[in-house]
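Okay, structure first, notes after.
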Amino acid sequence: MKRVVQVFALLIWSTVAALADPSGNYDVKGVDLDGQPYSAELQIVKSGDVYELTYKFEDGTEQEGSAVGDDNFLSYGYADDEELGVGLMTGKDGRWEGVWTHLGASKMSTETWTRK
């Protein structure tokens with residue numbers, strides 16, 4: 001009986017872990033399309049079936065976006081007054097890595113998010 005309870009508890013924990021989402025606050029490190037490194041803070045908030053992203057960069061500027069995905073991947077779009085872009089991130093253990101680009105660019109760059 002003890003073994004059955006342990007297996008049942010493991011199944012419940014696995015189900016809860018599978019329903020986890022990427023919502024939270026992150027430190028961002030990336031490389032701009034011109035090769036310059038940058039840092040930012042990122043907040044991800046679940047809103048219905050999607051996630052809302054708010055970047056706050058070191059220079060005080062902000063970008064907002066929306067994403068779809070789960071705790072393994074996120075595909076997002078973002079915009080501000082100057083650019084419109086997309087990105088794709090993969091996540092593991094509170095750390096996300098991926099690529100992004102913006103409209104009109106002929107290359108992409110990288111970004112890493114680390115949960116605070």
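Each reported figure results from applying straightforward, stated rules to the coordinates on display, with no laboratory input. No experiment lies behind these values; they were computed from the predicted model shown. Positions of Cβ are backbone-derived with ideal geometry, glycine not excepted, and every protein chain shown enters the neighbour counts.
When the square roots of the Cα gyration tensor eigenvalues are ordered a ≥ b ≥ c, the ratio a/c for the stretch 22-115 is under 1.5, which makes its shape rounded. Per-residue packing, averaged as other Cβ atoms within 10 Å, sorts the ranges 60-67, 96-103 into the order 96-103, 60-67, beginning with the highest. Placing a pseudo-label 7 Å from each Cα along the Cα-to-Cβ vector at ALA79 and GLU64 gives an inter-label distance of 1.1 nm. Among LYS116, LYS107, the order by Cβ neighbours within 10 angstrom, fewest to most, reads LYS107, LYS116.
Charge dipole (Cα centre; +1 on Lys/Arg Cβ, -1 on Asp/Glu Cβ; no other charges) of the stretch 22-115 amounts to roughly 420 debye. Using C-alpha pairs under 8 Å with a sequence gap of at least 6, the mean separation divided by the residue count of the stretch 22-115 gives a relative contact order of 24 percent.
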